[in-house]
Amino acid sequence: MARSKKKSERKLARRLHSLGLRKGLADSLAHSAVSLEGQLPASARSALEDVASTATEIAGRLGGDSSKREAAARKAAATRKRSAVKRSDAAKKAAKTRAAKRPLAKKA
């Protein structure tokens, strides 16, 4: 037989569901939160941690955390600089090799 929900449980479940949680998860979280009043079981606690970590990840992807982007930009700049030095060294070596293979110009 289905149990009846308390008004506060229904309101919390409706709120969680409107925020995007699946209806079953919202109902179970609301039931856990209301029935134990403060002490959540491990399953509800892990579900809440998952929701919180997902929210943090979404905020980071929306531009909330620019430190990763700055670090990536610094790394990319260093990589470009290293590549430029390699190209320059290779060009100098090639020029030196070409100069060594050229016949000497005759002095007049």
| query | What tally of residues in segment 53-95 results from selecting those that are in a helix (DSSP H, G or I) and at pLDDT below 85? | reply | 14
| query | Quick check: is even one residue across segment 29-38 of a type in the set (S, T, N, Q), at pLDDT below 80 and not in a helix (DSSP H, G or I)? | reply | no
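Every residue, every condition in (1) among the β-branched types (Val, Ile, Thr); (2) in contact with a Gly (Cβ under 9 Å, 6 or more places away or on another chain); (3) over 30 Å from SER28 (Cα atoms), yes or no:
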| site | (1), (2), (3) |
| --- | --- |
| ALA44 | no, no, no |
| ALA52 | no, no, no |
| ALA59 | no, no, no |
| LEU62 | no, no, no |
| LYS68 | no, yes, yes |
| ALA84 | no, no, yes |
| SER88 | no, no, yes |
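The values are calculated or read from the model by the stated rules, or taken from the named source; none is laboratory data. What you see is a predicted model, and the numbers here were worked out from it, not measured in a lab. Positions of Cβ are backbone-derived with ideal geometry, glycine not excepted, and every protein chain shown enters the neighbour counts.
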